[in-house]
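The values are calculated or read from the model by the stated rules, or taken from the named source; none is laboratory data. Only a predicted model underlies this, so the values are computations on that prediction, with no experimental measurement involved. Methodologically, a virtual Cβ is constructed for each residue, glycine included, from the backbone with ideal geometry; neighbour enumeration extends over all protein chains shown. Quick note on the areas: whole protein, heavy atoms, side chains included, nothing else; ligands and nucleic acids left out. Shrake-Rupley method; radii C 1.70, N 1.55, O 1.52, S 1.80 Å.
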Amino acid sequence: MFKGIDQYGNHIQLSKLLKKGPVVLFFYRGYWCHYCNLALAKFQDSLKYITNRGATVVAVSAQTSGNSEKIIEKHDVTFHVISDTTNKIMKSYDVLFHVTKAYQLMLWKAIKTDIKKVNDQASAHLPVPATFVINQKGKIVWRQFNYNYSKRAMIKDVLAHLPD
């Protein structure tokens, strides 16, 4: 179970969302990640197919809410986006990993991104890009999890695990 504050300042609790239907929960790295931008855009473009099945979509990132706003505005995201700068949600879904200094340096050189600054944290952490379909009983009925950030959940797979 998780709780957080979305981009609109709403307090979001999994337990309350599940009273309405299943939840599609996905984790993304940040506004600076091309693959994350594509994933958020795909979820937004397919949102009506997911919500027509009674599900709610929630995205979670370690970046600050101010940095999340960059990607939210770019893709006109209307589903819940939670900034998990404390890493609590990512830890509870076992998707949190520590970013090595070498990877941090590579990101800085390639795209001038400082993970610690983007996430307002003392050390650099990111979520493994992952997607979970959670049924109304709170059980994870499907999961996509891949350390390769270019491998993301397909919307057709998400839909296949939602009730008709």
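Values as computed for the structure displayed
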quantity	calculated
At least 30 Å along the helix axis (C-alpha) and Kyte average at least 1.6, DSSP helices within the chain	none
Net +/- balance of residues flanking THR78 in space, Cβ distance below 12 Å, scoring K and R +1, D and E -1	-3
Other-chain or far-sequence residues with amide H under 5 Å of HIS125's (modelled H)	VAL99
Percentage of interatomic Cα-Cα distances in segment 59-143 larger than 14 Å	68 percent
Segment 1-160: relative contact order in percent, alpha carbon pairs under 8 Å with at least 6 residues between	27 percent
Whole-percent carbon and sulfur share, accessible surface of the chain, 1.4 Å	52 percent
Rg to Rh quotient for the chain, alpha carbon positions, Kirkwood Rh	0.95
Descending semi-axes in whole angstrom, ellipsoid equivalent of segment 71-118, from the Cα gyration tensor	23, 18, 8
Accessible area of ASP120 in the full protein assembly, 1.4 Å probe (Å², nearest 10)	120 Å²
Cβ-placed point charges (K, R +1; D, E -1), dipole of the chain about Cα centre in debye, nearest 20	280 debye
Size of charge dipole - segment 84-123 - debye, nearest 20, with Cβ of Lys, Arg +1 and Asp, Glu -1, no other charges	180 debye
Mean accessible surface per residue for the chain, computed with a 1.4 Å probe while every protein chain stays in place, in Å²	53 Å²
Cβ-based net charge around TRP108, under 13 Å, with every Lys or Arg adding one and every Asp or Glu removing one	+4
Förster radius 35 Å - calculated FRET efficiency between LYS42 and ALA102 (Cβ-Cβ, nearest 0.05)	0.70
Computed FRET value (nearest 0.05) for LYS112 with LYS19, which takes r as the C-beta separation and R₀ as 41 Å	0.40
Highest-fluctuation residue, THR78, THR100, THR56 considered, GNM on the chain with Cα pairs under 10 Å	THR100
Beta bridge orientation in the chain: antiparallel %, DSSP, nearest 5	65 percent
Segment 1-49 versus segment 120-138: alpha-carbon centroid distance in Å	10 Å
Which of LEU40, LEU159, TRP108, positive extreme of dipole for the chain (C-beta unit charges)	LEU159
MET154 accessible area, assembled protein chains, probe 1.4 Å, Å²	100 Å²
